[in-house]
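Notes follow once the structure below has been shown.
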Amino acid sequence: MRTGTPQDRTIEILSMGSKADPLYSRLAKENVEIHVEPDCRLWNPMSYVRIFKAIRRINPDVIHLHLTYATIIGAVAGKLAGYPVVASVHNTNTVQAAGLRGTSLRFLETTAIRLFVDRVIFVGKVTAEANRDRFGRVPMVTIDNVVEPPDPTLGASRKETREALGARDGEVVVLSAGRLTLTKNIGLLLDAFAQVVRAHPGARLWVCGNGETAADLGEQANTLGIGDAVVFLGERNDVPVLMHAADIFVLSSDAEGLPLALLEAMSAGLPVVATAVGSVPDYVEGGAGLIVAPRQVDDFARALDRMVGDAAFRADAGRAALSRANAFTNVVKWREALEAEYMKAKTGTKS
């Protein structure tokens, strides 16, 4: 959205995160203003009051909500503040918590959308199929994700980035980028990579991201004996640079919608090895990489082994990925689709 916004217009972002988040520095550009209300809690009434007041200060035309906590708090506060509300649903499984907590969050999210949201935007057709029965008569539409067009200048720093992260000439670098959560199943990736590195000692794995499983994953890598071949990068604000420095992108998730990291990787010309979750197969199948069933370590290892070991196959898949990127880097068309939904929310259109 920032990419497609004229410099004389401003995008306002209301975040419940922090200024330390790498996304903050990535988005803090000339025509973007970020307002941070940290440490909001669902069960604290003051969180809703704080977001309500922040919305009134910003005075937006439309509120566009993303992800569960923001949807629950933002839908209630936004509607009470008197503004039209649109919510994006990004994943087939929108609530990843288990047990009573997961059930409660899903109920609250569903109820907030049913009662306080004017329009729902599904990110990908698989996400729509999995969730459309939850939201009653709220108008719904599917708009796939897009990413910024690739920056060809990033390739100039490839050698420097690889050297800084310990990758030597001739080594094949595999990149994973995303939150380190149970659903992302980086543990499966580590198990599969342990098989691959035995056959290809020059393979290297970069794991970019942070989350609740970070410590366990580090221990797992050491237990598998691949600690020297795996670099845990933590949170980074230079993911596009890393993608131009890597050779393969991997996605080992148990569930997804249409992950932005996948689209960014393909637009950087990276071949893909991924699990068949969400809308991922629609984008990868047909030459851009290899798809395997989720939670299948040996299958994932075989696919990754082929991609690491066959340079010609890897190059062909990378070219196919880059060619496919033309379909999901059209920011102008995507923005027009979003603004049409915003206008319908403002005017109360039900179709």
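The values are calculated or read from the model by the stated rules, or taken from the named source; none is laboratory data. All of these numbers come straight from a predicted model, not from anything done at the bench. Here the Cβ is made from the backbone with ideal geometry for all residues, glycine too, and neighbour counts use every protein chain on show.
Listed values, structure above:
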quantity	calculated
Some residue of segment 326-344 being assigned to a helix (DSSP H, G or I), on the phi < 0 side of the Ramachandran plot and more than 25 Å from the chain's Cα centre (by Cα)	yes
Single condition ILE13 does not satisfy, out of (1) hydrophobic (A, V, I, L, M, F, W, C); (2) over 19 Å from ASN237 (Cβ atoms); (3) surrounded by 12 or more Cβ atoms within 10 Å (Cβ to Cβ)	(2)
Filter pass, GLU235 being surrounded by fewer than 21 Cβ atoms within 10 Å (Cβ to Cβ), under 22 Å from THR183 (Cα atoms) and acidic (Asp, Glu)	yes
ALA325, sole failed condition from (1) in contact (Cβ under 8 Å) with a residue 60 or more places away in the chain; (2) of a type outside the set (Asp, Glu); (3) in contact with an Asp or Glu (Cβ under 8 Å, 6 or more places away or on another chain)	(3)
First in segment 24-50 and within 20 Å of SER104 (Cα to Cα), second anywhere and polar (S, T, N, Q), Cβ under 7 Å, 6 or more apart	CYS40/SER47; ARG41/SER47
Within segment 281-295, tally of residues that are within 23 Å of ALA199 (Cβ to Cβ) and surrounded by fewer than 16 Cβ atoms within 10 Å (Cβ to Cβ)	2
Matching residues, segment 101-153, being among the acidic types (Asp, Glu), touching a Pro at 6+ places or on another chain (Cβ under 8 Å) and surrounded by 19 or more Cβ atoms within 10 Å (Cβ to Cβ)	ASP118
Total residues in segment 28-43, condition surrounded by 12 or more Cβ atoms within 10 Å (Cβ to Cβ), under 24 Å from ALA77 (Cα atoms) and either of a type in the set (A, V, I, L, M, F, W, C) or assigned by TED's automatic domain parsing to the domain that holds VAL239 (or both)	5
Criterion: at pLDDT below 95, in contact with a strand residue (DSSP E or B) (Cβ under 9 Å, 6 or more places away or on another chain) and among the charged types (D, E, K, R) - qualifying residue of ARG9, ARG2, ARG26	ARG2
Out of ASP247, ASP228, sole residue that is in contact (Cβ under 8 Å) with a residue 24 or more places away in the chain, within 20 Å of VAL308 (Cβ to Cβ) and of a type in the set (Asp, Glu)	ASP247
Number of positions in segment 205-230 that are more than 21 Å from LEU154 (Cα to Cα) and surrounded by 14 or more Cβ atoms within 10 Å (Cβ to Cβ)	13
Residues located in segment 160-193, provided they are under 22 Å from GLU212 (Cα atoms), of a type in the set (Val, Ile, Thr) and in contact with a helix residue (DSSP H, G or I) (Cβ under 6 Å, 6 or more places away or on another chain)	ILE186
Positions within segment 85-100 being surrounded by fewer than 16 Cβ atoms within 10 Å (Cβ to Cβ) and in contact with a Leu (Cβ under 8 Å, 6 or more places away or on another chain), in sequence order	ALA97
Selection from segment 173-204 of residues that are crowded, with 21+ Cβ neighbours inside 10 Å and not in a helix (DSSP H, G or I)	VAL173, VAL174, LEU175, SER176, ALA177, GLY178, LEU180, LYS184, ASN185, ALA203, ARG204
